[in-house]
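In what follows, a structure is listed as structure tokens, so that the remarks can point back to it.
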Amino acid sequence: MKTTTVLTLTSLLLATAAPLSAETLRWARSGDALTLDPHAQNEGPTHTIRHQMYEPLIIRDVTGAFEPALATEWAPKEGDPNVWVFKLREGVTFHDGADFTAEDVVFSFNRAKQENSDMKELIGSITEVRAVDDLTVEIVTDGPNPILPSNLTNLFIMDKGWTEANNTVNVQDFEGGEITYATTNANGTGPYVLESREPDVKTVMTLNEDYWGIGQFPLEVTEIVYTPIQNAATRVAAMLSGEVDFLQDMPVQDLDRVSNADGLMVRQAPQNRVIFFGLNMGADDIEADNIDGKNPLADVRVRKAMSMAINRDAIQKVVMRGQSQPAGMIAPPFVNGWTEEMDAESTTDIEGAKALMEEAGYADGFSIRLDCPNDRYVNDEPICQAAVGMLGQIGITVNLDAKPKAQHFPLITDGKTDFYMLGWGVPTYDSEYVFNFLVHGREGDIGTWNGTGYDNDELDAKIKSLASNTDLDARNQDIADIWRVVQDEQLYIPIHHQVLNWGMSEKVDIAVDPEDQPKVKYFKMN
Amino acid sequence: MLAYIIRRVAQSALVLLIVGLVAFAMFRFVGDPIDNMLGQERTADDIERLREQLGLDQPFVVQYYRFLENAVQGNFGVSYRQGRPVIDILMERAPATLELAAVSGILAVLFGIALGVFTAIRRKGIAANIIMSVSLIGVSLPTFLIGILLIYLFSVELGWLPSFGRGEVVDLGAWTTGFLTASGLKALILPSITLGLYQMTLIMRLVRSEMLEVLRQDYIRFARARGLRNRAVHFRHALKNTMVPVITVIGLQVGAIIAFAIITETVFQWPGVGLLFINAIQFVDIPVMAAYLMLISVMFVGINLIVDILYFFIDPRLRVDRKGGH
């Protein structure tokens, strides 16, 4: 009896100890959140800021695994594969004191499905969300959807009453320039409360003293001061001069300087982004080359030869200064369907590549234009420059055309490039997402980023069936089969997985999150 | 006089219209804003809908006409990146830029004239020669490099001054100021030196050469012959006559300071309109780019107009000539 009281007392003390010691986290990265409205923009830095104040039903922890947030349990409904049942957390309140209930979940999902919402594609399969009781919600989809939980990790829950009282029931019309109460104010259930915000200048958040997770998470930071710093050199200087404790978007060339500085360190982890080249193999003749009436990229031997000409280790060592992992497939390592064997399938063999080129009838090579962004990925243009030299070794003369991302990406989606660089992240951590956008032939809303012209009806049918296959073993087998085709056809030329670097002062202790979405509740302060 | 002003104003308006037309013709080459506005999950329908909603499916001349039509009514549209009215964002950002430009301008004029006079009078002195050599740095080094060097010296190595931002600002309603807090004033030092250095060296070199020219004139020799003291000769007679071309240049440089603030603001993460413009270019935020370019051209054209009219008043010969001619 006595021991339990002592234990309870200690745990109570521990629970309240964190807020007592005031710790400010000064945090900088290159850009700011675009809006605070939880459903108006589907963009990385914007989600990152929201995650401190709002919570979804499920979040991903620092390893990428699911962790219960506002939902404590979830499972498909017995007897009805089209329904997922979510049990909600008890005793949670919003920042303004209102209780969190199933009604708020229903409201938030419906809000996220509105026309102006940027999240509507991610939950497009949901047809109905209903509250069974105060703490149980059923989500109905238009067919069995085994990976629904993966699409919910950035879907934030708002308080129905608060939105009604403040006239923000509708999602902000972002493009129309609408400013609603929710774009500049926040009322979530999350660990931090918005204190003040000047867009692009400074956002301040303080610890939510009533957070349900007090005692479960470190929560050692009591105040967050977030400042975007655009210029890379200034960002690093701010870290070196001690004006910033935690830095994202660290420039690769300054890693050594920061890790060698007193009291600073750099932590790294593989990022959820793979970099690769796409090839237009579907056209009969392509614009960007010097061969008339024929498309050299349509020959799988040429595609294999091009892949074999790329020396990924040299790119890693020279261009990336070690900050990448050579890739053999176009999925990041923690995605369902990724295998170590397939990721090691890219080999460098110049002689073999030359032999393949000869076999394909291109012994003298050809010339082609490579379209490359210059402000999107880490060292994107230098990677392309390296590829120009490497492909030159097997007789392919590459003319590099590097442009800002705003000009580069429309080339891919409009089908105006035959050889291009693209990077891909997989927010759902499942291969289906990769196949839907990059492998499936272009048909309406599907295959939108597939610039290869590849269109295999049999494979497309298999990809479509993944969405509703509830037999996970069979589904995983299908995924493996589809990857085999992608690999054998050399649909893309994988280059590497990007590595993420976070700079921090020694007083900060946090593991790098592959989504590049730090959640401050996990931060420990020394 | 009136006819002259009317003619100049009409010319200015024409220049503005042409600047806008050229700007709108160029925006297409900056890229496609739609791509930045929608996430990677967007569908072809989303793209179509948004393009139509923003009027981006129209030829640029039509887009320009619509912009002008709204701009005349004081409506500069909505930022694609921030989703807020451009005019609000500009008003919010303007104080930062104007305060920075004002401090840089004052520093440049004060130090520029003082050092210019000093180096002209003590032409052969060691100090003057050192100043002249050092001033070459100000003219030849690019602004961003000077900014980065100052940050490394005063923020990273010495730790005296902040490397970024505006410090604490006081909100006075329509205006936010950094002048009223210690951290705000400290934050102003490095950016204003960076921004004003080029103008300072320019003014200094101009004052020096003009002054040397004037000191050779006959009336200076006569002034000395009258037995006037050096101070009277230098400051009352020589400096006054040096100022006519210097004022012209200062006038034009005021515009340059605000326009050059783009680079300084990017280096120091100074939350002004220049940084806003850089963000807008990267995002292809057409309404912000258009409003900023129009604003800057209005400013340049306006300053030129004022300088032209000021000439009229400062230089009596212009007036006499015109009156005599007609």
What does DSSP give for region A:271-499 in terms of the percent of beta bridges that are antiparallel, rounded to the nearest 5? 60 percent
What pairs in A:Lys77/A:Lys120; A:Lys87/A:Lys160; A:Lys304/A:Lys462; A:Lys120/A:Lys464; A:Lys317/A:Lys464; A:Lys462/A:Lys519 have C-alpha atoms more than 28 Å from each other? A:Lys317/A:Lys464; A:Lys462/A:Lys519
Considering the dipole of the protein assembly as shown built from charges on the beta carbon (Lys and Arg +1, Asp and Glu -1) around the Cα centre, which of A:Leu491, B:Leu149, A:Val378 is farthest to its positive end? B:Leu149
Please find the FRET efficiency linking A:Glu103 to B:Arg51, where r is the Cβ-Cβ separation and R0 is fixed at 51 Å, and quote it to the nearest 0.05. 0.85
If I model a spin label at B:Leu185 and A:Thr397 as a point 7 Å from the Cα along the Cα→Cβ vector, what separation in nanometres do I get? 6.6 nm
State log₁₀ I(q)/I(0) for chain B at q = 0.11 Å⁻¹ as given by the Debye formula over alpha-carbon point scatterers of equal weight, solvent excluded. -0.88
If you build a Gaussian network model of chain B, linking Cα atoms that sit under 10 Å apart, which residue out of B:Arg226, B:Arg166, B:Arg93 swings the most? B:Arg226
Which of the listed residues, A:Ala353, B:Val78, B:Pro95, is farthest toward the dipole's positive end in the protein assembly as shown, when Lys, Arg count +1 and Asp, Glu count -1 at the beta-carbon? B:Pro95
Using Cα springs under 10 Å in a Gaussian network model of chain B, which residue among B:Pro287, B:Pro245, B:Pro33 shows the largest mean-square fluctuation? B:Pro245
Pairs of alpha-carbon atoms within less than 8 angstrom and 6+ residues apart define the contacts here; what relative contact order does chain B have, in percent? 26 percent
Let me know the whole percent of all Cα-Cα pairs from the protein assembly as shown that are separated by more than 51 Å. 26 percent
Top mean-square fluctuation among B:Leu188, B:Leu16, B:Leu202, Gaussian network model of chain B, C-alpha springs under 10 Å? B:Leu16
Kindly work out what percent of the DSSP beta bridges joining two residues of the protein assembly as shown are antiparallel, to the nearest 5. 75 percent
Distance in nm between pseudo-label sites at B:Thr43 and A:Ser259 (7 Å out along the Cβ direction from Cα): 4.6 nm
First select every other residue whose beta carbon is under 11 angstrom from the beta carbon of A:Thr348; then total the charges, Lys and Arg +1, Asp and Glu -1. -2
How big is the dipole moment of region B:86-282 about its Cα centre under a simple scheme where the beta carbon of each Lys and Arg is +1, that of each Asp and Glu is -1, and everything else is neutral? Debye, nearest 20, please. 1540 debye
Averaged across A:241-252, how many Cβ atoms of other chains sit within 10 Å of each residue's Cβ atom? 2
Cα centroid separation - region B:49-101 against region A:344-373, whole Å: 48 Å
Please report Rg (one decimal) and Dmax (integer) in Å for the Cα set of region B:182-297. 20.6, 67
Given bins 10 angstrom wide, list per bin the percent of all Cα-Cα distances in region A:271-499, short to long. 8, 34, 39, 17, 2, 0
Kindly identify region A:50-135 as rounded, prolate or oblate by the Cα gyration tensor criterion: order the square roots of the eigenvalues as a ≥ b ≥ c, call it rounded if a/c is under 1.5, otherwise compare a/b with b/c, prolate if a/b is larger, else oblate. rounded
Please identify which residues in region B:256-279 have an amide N closer than 20 Å to a label point set 7 Å out from the Cα of A:Ala232, following the Cα→Cβ vector. B:263-270, B:275, B:278-279
For region A:164-289, what class follows from the C-alpha gyration tensor (a ≥ b ≥ c being the square roots of its eigenvalues): rounded when a/c is under 1.5, otherwise prolate if a/b is larger than b/c, else oblate? oblate
Around A:Lys113 (Cβ within 12 Å, Cβ-to-Cβ, excluding A:Lys113; K/R +1, D/E -1) the net charge comes to -2
Here the whole-number average of other chain Cβ atoms within 10 Å per Cβ of A:174-183 is 5
Under the classification rounded if a/c is under 1.5, otherwise prolate if a/b is larger than b/c and oblate if not, where does region A:297-364 fall, given a ≥ b ≥ c as square roots of the Cα gyration tensor eigenvalues? oblate
Hey, got the average number of other protein chain Cβ atoms within 10 angstrom for residues in A:402-410? 5
Once the other residues with Cβ under 14 Å from the Cβ of A:Asn290 are scored (Lys, Arg +1; Asp, Glu -1), what is the net sum? -4
At 7 Å along Cα-to-Cβ for each site, give me the label-to-label distance between A:Lys524 and A:Asp445 in nm. 4.5 nm
If I take R0 = 22 Å and measure r between the Cβ atoms of B:Tyr311 and B:Ser209 in this structure, what FRET efficiency does the formula 1/(1 + (r/R0)^6) give, to the nearest 0.05? 0.60
Eligible aspartates and glutamates near B:Lys186 by straight Cα distance, threshold 18 Å, same-chain separation 8 or greater: A:Glu243, B:Glu99, B:Glu157, B:Glu168, B:Asp171, B:Glu265
Answer in debye to the nearest 20: the dipole magnitude of the protein assembly as shown about its Cα centre, from +1 Lys/Arg and -1 Asp/Glu charges placed on Cβ, is 6980 debye
With the dipole of chain A defined by +1 on each Lys or Arg Cβ and -1 on each Asp or Glu Cβ, the option from A:Asn476, A:Asn145, A:Gly365 whose Cα lies farthest towards the positive pole is A:Gly365
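Since every read-out is calculated from the coordinates, none of them should be taken as a lab result. Just so it is clear, the structure is predicted and the values come from calculations on it, not from any experiment. No Cβ is skipped: glycine too gets one built from the backbone with ideal geometry, and neighbour counts run over all protein chains shown.
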